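The values are calculated or read from the model by the stated rules, or taken from the named source; none is laboratory data. If you're wondering where the values come from, they're calculated on a predicted model, not measured in any experiment. Cβ atoms come from the backbone with ideal geometry, glycine included; neighbour counts cover every protein chain shown. For the accessible areas, the whole protein counts, side chains as well, though only heavy atoms, and no ligand, DNA or RNA atoms are used. Shrake-Rupley method; radii C 1.70, N 1.55, O 1.52, S 1.80 Å.
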Amino acid sequence: MLNIVVCVKAVPDPKEACNIKIDPDTKTLLRCDVPLVLNPLDKHAMEAALQLKAQFEARISVLSMGPPEAGNIVKECLALGADQGYLLSDPAFGGADAYATAFTLAKGIRKIGSFDVIFCGMASSDGSTEWVGPEIATFLGLPVVTLVKKIVECKGASWIVKASVENGYRLAQVKLPAVFTVTRELNTPRTLSFSGIIKARKKDIDHWSLDELGVSSESVGLKGSPTIVSELNAQEENKRQVEILTGTREEKTDMLVQKLVEAGVI
Ligand SMILES: Cc1cc2nc3c(=O)[nH]c(=O)nc-3n(C[C@H](O)[C@H](O)[C@H](O)COP(=O)(O)OP(=O)(O)OC[C@H]3O[C@@H](n4cnc5c(N)ncnc54)[C@H](O)[C@@H]3O)c2cc1C
């Protein structure tokens, strides 16, 4: 049996980006004011797990850390075909940076018990640090391959994967258990089916709080975060003026040169 854990993050719905608010004190995103959706790259991580389950005898556990509303994205993954859902939710987990997030998720994975493959998306659509996957591997003492774009060979506990690097790719041979962060190129995620939604109704989500995880509040959330966001500003409206030059090519070129001279650029 191949035990697969997929880490999925609830992110603010990009369609509602304009309503995202920042907590003035902690400088972290207020996630409760905006509908949360499944992080786009985590759909590819889920699809990778489902395709493996179609090939091998496998069990898929889905794990998320977030506010109670994040339970909906775990439910969505159960409807896609995952077997068991876990939600790490406690006010103490709030405001976590990537380090504290990875620490908490690693504790959750240990509590789930057996794991051979841990899939994460390459990045989230909000924080996008790309650190959580590798940090989970560090906390669990496991090998990690980031930016996986193809699973080339699965021979028992020995896998070969193709991963993106700048201007090319690398082939990595890795011994399970291991962590893999995935890219969009890996697959095309399936969409929810009505039968899947019905089946998911019978599947459980285990909700684990700080106490159930058995960790101190000092090691998670804002308290457990070595990085403090000191300032977070919304991007200002683009104030650049645009002037469309008209005329023949020669006329436009002359006007442009003139303007660059006037602006002291040339
Ligand atoms: C604008 C902004 C800037 C930030 N800058 C920093 C920074 O510089 N340093 C820092 O430490 N933190 C930073 N953070 C906080 C960081 O984003 C959060 O800690 C976040 O929960 C984890 O990091 P990430 O989203 O960047 O994860 P990434 O590493 O980008 O996520 C990769 C994958 O990890 C898994 N994952 C991530 N979070 C969860 C979760 N909660 N539950 C389940 N799986 C998860 C998913 O599979 C996801 O696809 C920033 C946040 C914001 C919004």
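Listing for the model above:
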{"item": "Any chance S164 is within 18 Å of the chain's Cα centre (by Cα), of a type in the set (S, T, N, Q), part of a loop (DSSP other than H, G, I, E, B) and modelled with pLDDT of 95 or more", "result": "no"}
{"item": "Tally of residues being free of Cβ contacts under 8 Å to residues at least 40 places away in the same chain and within 6 Å of the ligand (Cβ to nearest atom) across the range 97-145", "result": "5"}
{"item": "Condition met for E251 (within 28 Å of N72 (Cβ to Cβ) and open to solvent by 80 Å² or more (accessible area, probe 1.4 Å))", "result": "no"}
{"item": "Hey, A100 touching a Ser or Thr at 6+ places or on another chain (Cβ under 8 Å) and at pLDDT below 95 or not", "result": "no"}
{"item": "Residues within the range 189-212 that are farther than 30 Å from A92 by Cβ and surrounded by 10 or more Cβ atoms within 10 Å (Cβ to Cβ), tallied", "result": "8"}
{"item": "Every residue from the range 104-149 that is of a type in the set (F, W, Y) and open to solvent by less than 40 Å² (accessible area, probe 1.4 Å)", "result": "F115, F119"}
{"item": "Residue within the range 45-59 that is open to solvent by 10 Å² or more (accessible area, probe 1.4 Å), aromatic (F, W, Y), touching a strand residue (DSSP E or B) at 6+ places or on another chain (Cβ under 8 Å) and within 14 Å of the ligand (Cβ to nearest atom) present", "result": "no"}
{"item": "Members of the range 73-82 found to be open to solvent by 40 Å² or more (accessible area, probe 1.4 Å) and either modelled with pLDDT under 95 or in contact with a helix residue (DSSP H, G or I) (Cβ under 7 Å, 6 or more places away or on another chain) (or both), listed by number", "result": "K75"}
{"item": "Within the range 167-263, helices (runs of 4 or more DSSP H) holding 3 or more residues that are within 29 Å of E47 (Cα to Cα) and at pLDDT 90 or above", "result": "194-200"}
{"item": "Only listed residue being within 14 Å of the ligand (Cβ to nearest atom), modelled with pLDDT of 95 or more and touching an Asp or Glu at 6+ places or on another chain (Cβ under 7 Å), chosen from L38, L63", "result": "L38"}
